[in-house]
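One structure below.
Taken together, the values in this text are just the output of simple stated rules run on the coordinates, not laboratory data. Only a predicted model underlies this, so the values are computations on that prediction, with no experimental measurement involved. No Cβ is skipped: glycine too gets one built from the backbone with ideal geometry, and neighbour counts run over all protein chains shown.
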Amino acid sequence: MTTLVFGALVAGAAVGMLIMTAGLAGRPLFSPVDLDAVLARSGRLLARSTAVIAAALFVLAATGWIVGAVLAGAAVWVLPGILGGKLAREAAIGRTEAIASWTEMIRDSIAAASGLEEAIIATAPVSPPAIGSEVRAMVHRLDHQRLPDALIVFGNDLHHPSGDLVVAALVIAARMEASDLSSLLSRLSEAIRGEARMRIRVEVGRTRVRTATKVIVGVVLAAIVFLAVVNGKYLEVYDSPGGQIMLAVIGGVFALGGWLLTRMAAIDLPERFTARAVAPGGEV
């Protein structure tokens, strides 16, 4: 019992030191953006892991193939990313357009004779939903942080190359009193909207490849199910060790093809030039 009490006291002291350090640094332990993102990722990971285990166990029970069970689990894990991802791609485009819209909001507020910090605060209630939580979190930080420091953390929350451009311009303006910030923000918003239009054109051009991929995967899965139901003896060759090795080779060929298709469909974004560690004082 004494050991448990001592352990609880040590844990409480550690939590107290963590809270005190966060308070002195002027930063919350967990921002709403980070907490929401962690919960969302955890839920998706749990759902995918459950589906993978269920598929592997089902194939193992139905066929007795260890390699088949591994391939089935791997297929359930990777196929949603290869065949799906439409919502994620649309969300990425919408996030880019939201950054452009928010940039224009700041420009218009500055043009209305507001200061930069006041202009940013004014955009919080009307910011685009795609980045609304990040903007509100930044405005909340302004209660206990300087504007440049809050902007740097905001850029890390956005985690977007176009957002880095806007954040860099705003940080320079906050530190050096830029004289022509409105025109700079106008040019940035136009460039960011151009990036969104480019990504839309790329997605339209790659629709044919994704459709062909879905057809190929669907035909292969339908053929396997048909043979297993109608003529199971045709697949008995894979029961032997040699058949399992051949099944692994076939699975490797499909895995290589899926990886190549994923590489073809991916859009390489420029490297984030502000993605560096933030010092305690907020400098990068």
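Once you divide the Cα radius of gyration of the range 49-176 by 2.2 N^0.38 Å, the number left is 1.60.
When +1 charges are put on Lys and Arg Cβ atoms and -1 charges on Asp and Glu Cβ atoms, the dipole computed for the range 89-203 relative to its Cα centre reaches about 280 debye. Computed from label points 7 Å out along Cα-Cβ, the spacing between residue 62 and residue 77 is 2.0 nm. Between residue 207 and residue 219, the contour length at 0.36 nm per residue exceeds the Cα-Cα span by 2.5 nm.
With the simple spin-label model, which puts each label point 7 Å out from Cα in the Cβ direction, the residue 172 to residue 264 separation comes to 4.1 nm.
Modelled label positions at residue 230 and residue 191, each set 7 Å beyond Cα in the direction of Cβ, lie 5.9 nm from each other. For a paramagnetic label modelled on residue 183 (point 7 Å from Cα along Cα→Cβ), amide N atoms under 20 Å away belong, within the range 93-107, to 103-107.
Taking packing as the residue-averaged number of other Cβ atoms within 10 angstrom, the listed peptides 131-140, 226-235, 58-67 run from highest to lowest as 131-140, 58-67, 226-235.
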